[in-house]
Structure formats: C-alpha cells, structure tokens
Amino acid sequence: MSVGCTDTPVLRERGQHEVFCGLTGIIWLHRKMQDAFFLVVGSRTCAHLLQSAAGVMIFAEPRFGTAILEEGDLAGLKDANDELDREVARLLERRPDIRQLFLVGSCPSEVIKLDLARAAERLSDAHAPHVRVLNYSGSGIETTFTQGEDACLAAMVPKLAATDAPNLLLVGALPDVVEDQARALLAAMGIERVQVLPGRRADQDPQVGPNTRYALLQPFLGDTSDALDRRGATRIPAPFPFGEEGTTLWLRAVANAFGVDADTFDRVTEAPRARARKAVAAATETLAGKRVFFLPDSQLELPLARFLTRECGMSAVEVGTPFLHSRIMAEELALLPEGPRIAEGQDVEMQLDRVRADRPDLTVCGLGLANPLEREGLTTKWAIELVFTPVHFYEQAGDLAALFARPIRRKALLAAGRGEAAIAVAAE
Ligand code: SF4
C-alpha cells in the first residue's frame, strides 16, 4: 500500500537552472555566527551579488567581504595565494573580533583551481589559536542558494570537539528568537544538553560523538547530515518543524528519542499548538481550495507543500525541488497527500510550460521567474523570502501561512478593482 507520495514516481529533469548561487547563504549565516567572517574569493560579480542580496545599505562594517580575483590572478596561482594571505592578514589585524574565518569558494576560484582547503590550513596555522580558518564552496554551478549553508555547516563538522556524553544537536541556522523558542520547549520537556550547529559564537559550537542525536531544522542539510553521521552521531528522523503539525511531529520525534512521557509532551505543547492552529486558520480562509505549484528553488518545497495541503486546505499541482534527499524527506513524502507531480532538478522552459498549462492559483518560484509569470497573470511567491523570514515552529506558523495568503489576497483585491486596498495589503 502506498503512503502519501512515498511511491509517487519522481520526474527527474536536467536542464537549464534559474537559481541563485550558494553565496546567498552568507547573508543569514553571518547574522547567526556573531564572530565569524565570510571572505568570498571571487570576482566583482560575486561582490555585487552579495551587496544586492544583503540589502541596499550596510551601516556597520559587515562580517563578509570579497577578495577580488583580478585578471592577473588567473595567470598566476602563486600570486593569487600570496594576495589571499596578505588580504587575510590585513583583515584579521583590523578585526580582532573575528574568531572564525570562512574562505568561500566561487566560480572564478574554482575555474582557476585555487585550492582553498590548503589555503585554509595554511592560514589556520598562521593565525591559530585566535582564529580558525575553514573553507567551503558557494559556487553557482549546478547548485542552489540554500546549499551554501549546507556546505558551510558540513565544513564545520570535522572540526567540532569530540564527546562521549549524550547530547541533542539542533542543526540549522535559525534566527535567535526562533531557536530560543525551540530550546524553551525542549527544556520544558526536561531535555538537557541541547546544542546548536552553528553556535552563535565559535566557543558555543557543539560537541559531537557516538551518543549525539541530532535533529535537522532545515531540509537542505544533506551533506551536513552525512558529515555528522561520519562522526558517529545519529539522526532523529522527523518531518520539519513547519506549521502546527510539522512542529508537533518534529518535537514528538525528539521527545521519543529522549524518553519524554506523553503527559509531559502534551502539557508542554498544548497551548502553543492551540495558538498555532488559530493563527493558521486565519490565513486558511484565503488559501483553502486553491492550487499551488512549486518550482525548484529553496529545497523547502516538499515540507511547505505538506504544510499547505494538510493544514491550509490547498492542493499541490506540482512540487519541484532542486534535489530530493529521499532519506531526509521520507517522513515528508509519506505525509504529503497523493496527487501532485514530484519533480527533481530543473528544466526551466519545460516547467514554465507546465505552469502555463496548469494555471495554478499560486506559483512559488525564484525571483527571476516571478516577474515574467506575474506579467502572464499568474500569482507568485518568492521562494527566497521563506528563508529570510522566521517561519519555523509554533509561534511562526501563522506568519508562514500568511506569506502564501498575501499574494492571493492582493491579486483578488486588484481583480476587484480596489487598487488602494491592494497597496495597503502589499505594505503590510
Ligand atoms: S559564485 Fe558564481 S554564480 Fe555566484 S556570484 Fe560568483 S560568479 Fe556568480
């Protein structure tokens, strides 16, 4: 017997991609890791991407930057390495607050085969113990923007301190306020030794070992999960904590792994569950009965489709995701009601043809596709907003539903010729 979409055949597409590269993750990672600096080793294009993704203006000296590879560097690797060493030395002298430095690879650094792993080792030796230097790739070739976080966290795992003590590791960079909510729920259930990867500061990074159990907070952390497994840690399989149901199932999986009894679980979760259900219901009026189409972008597509179909009354026409980690997604696929096409990878023209044929009420897609689709009269939601907005756990469930309801309400108001009201909704 099939369960949900577990047995749904996956349409695998390998064509042109329309996604941001993994450098984008620096925007939320640098906010989370307060003594880290992200040095992109790349071109002026990479610098521009970071600047525009980070917003219009940076008032304080930021904790990310770009070591620009000039044309001359393409000719001489030795010069590029020397220049990188000089750049890092200047940076660390100026910024004694930096404790972790990430050298972030880009398309240009990969094209010239600049070995950033060796550079990180060399620079770690030079600047230890004050600064730890790590490297990962944010290059845009065949990647998607959330892979930057996965690559960054996976690079941290081998350097985490070892422990034999039992601990719970929460994996993923959530806004501090949301992380605190999760910690408070777990503490109320009596679960101790809860650590988070990444820590807010280098000295708060977690320890890992054979008695570590970890729960993923984001569905795009496949490489990080593999790296933790290699350190002997055990993943707690669970759906992701989006919406009331997803949060409850995620918490229950963790609670079961740590022997929390059912009464305690119910006592701790009852009130926030009720709040979440009420908040989601407010947006459901707009969403119920509507059809949603996910183009592959953030890797959040499957959990969000599960949330929208099971909690908000929507139906999914197609759920496209850049990569389908069948191991990590097993619980999500089992919950997702049968019906939608499931697609992995991207062939953008073919996908757009299917969007046009299906005419969904809402298309969730990347920034580059949203405007053309809007011009064709389709209603869209930018997938990237879902990564920049706090959407996990109970207290954000209503906001998550509202993010999808807002463009539909705006379109309805515009269709009714009430432009002023629509502008008010847009400004909410
Ligand atoms: S890493 Fe590649 S895709 Fe990303 S901004 Fe730089 S050149 Fe562009």
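Odds and ends about this structure:
- Label-point separation in nm, D115 to V3, each point 7 Å along Cα→Cβ: 4.7
- What the Cβ-Cβ distance of E385 and H130 gives, at R0 = 30 Å and to the nearest 0.05, is a FRET efficiency of 0.20.
- For the stretch 103-113, 3J(HN,Hα) per residue [Karplus equation, 6.51 cos²θ - 1.76 cosθ + 1.60, θ = phi - 60°, Hz, x = Gly/Pro]: 8, 10, x, 9, 4, x, 5, 6, 4, 8, 6
- 3J(HN,Hα) along the stretch 210-222: x, 9, 8, 10, 10, 10, 6, 9, 10, x, 9, 9, x Hz, from the Karplus curve 6.51 cos²θ - 1.76 cosθ + 1.60 with θ = phi - 60°, whole Hz, x for Gly and Pro.
- Shown here are the Rg and Dmax of the Cα trace of the stretch 89-184, at 15.8, 47 Å.
- Taken one residue at a time, the phi angles of the stretch 357-368 give Karplus couplings (6.51, -1.76, 1.60, θ = phi - 60°) of 5, 7, 6, x, 6, 8, 10, 9, 7, x, 4, x Hz. Gly and Pro are set to x.
- The stretch 225-264 and the stretch 361-377 have Cα centres lying 35 Å from one another.
- Around the amide H of T379, modelled in the peptide plane, lie the amide H atoms of T363, all under 5 Å away and 5 or more residues distant in sequence or on another chain.
- Förster radius 41 Å - calculated FRET efficiency between A165 and E270 (Cβ-Cβ, nearest 0.05): 0.85
- Convex hull volume per residue in cubic angstrom - Cα atoms of the stretch 340-380: 76
- With the convex hull drawn over the C-alpha atoms of the stretch 241-324, the volume per residue is 95 Å³.
- Rounded if a/c under 1.5, otherwise prolate or oblate - the stretch 295-428, Cα gyration tensor axes: oblate
- Protection proxy ranking, highest mean first, for peptides 298-304, 375-381, 246-252: 298-304, 246-252, 375-381, where packing is the per-residue count of other beta-carbon atoms within 10 Å, averaged.
- Over the residues of the chain, the helix contribution to mean residue ellipticity at 222 nm works out to -14500 deg cm²/dmol, using -39500 (n - 2.57) for each DSSP H run of at least 4.
- In this calculation the C-beta distance from L91 to E395 is compared with R0 = 35 Å, giving a FRET efficiency of 0.40.
- Compared with the alpha-carbon gap, the fully stretched path from R193 to R213 is longer by 6.1 nm at 0.36 nm per residue.
- A straight chain from E374 to D176 at 0.36 nm per residue would run longer than the Cα-Cα distance by 67.9 nm.
- Computed magnitude of the charge dipole of the chain (debye, nearest 20; Cβ of K, R +1, Cβ of D, E -1): 700
- The long axis of helix 243-257 is offset from the longest Cα principal axis of the chain by roughly 60 degrees.
- When only Cα pairs below 8 angstrom with a gap of at least 6 residues are kept, the stretch 294-358 shows a relative contact order of 37 percent.
- Model label sites at R356 and L414, defined 7 Å from Cα along the beta-carbon direction, differ in position by 1.9 nm.
- Ranked by the mean number of other Cβ atoms within 10 Å of their residues, highest first, the peptides 184-191, 260-267, 62-69, 317-324 fall in the order 317-324, 62-69, 184-191, 260-267.
- Loop trypsin sites (Lys or Arg not before Pro), the stretch 101-185, which have at most 10 other Cβ atoms in a 10 Å radius of their Cβ (DSSP): K113
- Between V40 and G65, T66, A67, V104, the built amide H atoms are under 5 Å apart, and every one of these is 5 or more places off in sequence or on another chain.
- Relative to the longest principal axis of the Cα atoms of the chain, the long axis of helix 147-156 makes an angle of roughly 50 degrees.
- Residues with amide H under 5 Å from that of L134, placed H, sequence gap 5 or more: L101, F102, L103
- The Rg/Rh ratio of the chain, with both radii computed over alpha carbons and Rh defined as the Kirkwood radius, is 0.98.
- Dividing the mean sequence gap of close Cα pairs (under 8 Å, 6+ apart) by how many residues the chain holds gives a relative contact order of 18 percent.
No lab work stands behind these numbers, since they all come straight from the coordinates. Only a predicted model underlies this, so the values are computations on that prediction, with no experimental measurement involved. Glycine gets a Cβ as well: all are built from the backbone with ideal geometry, and neighbour counts include every protein chain shown.
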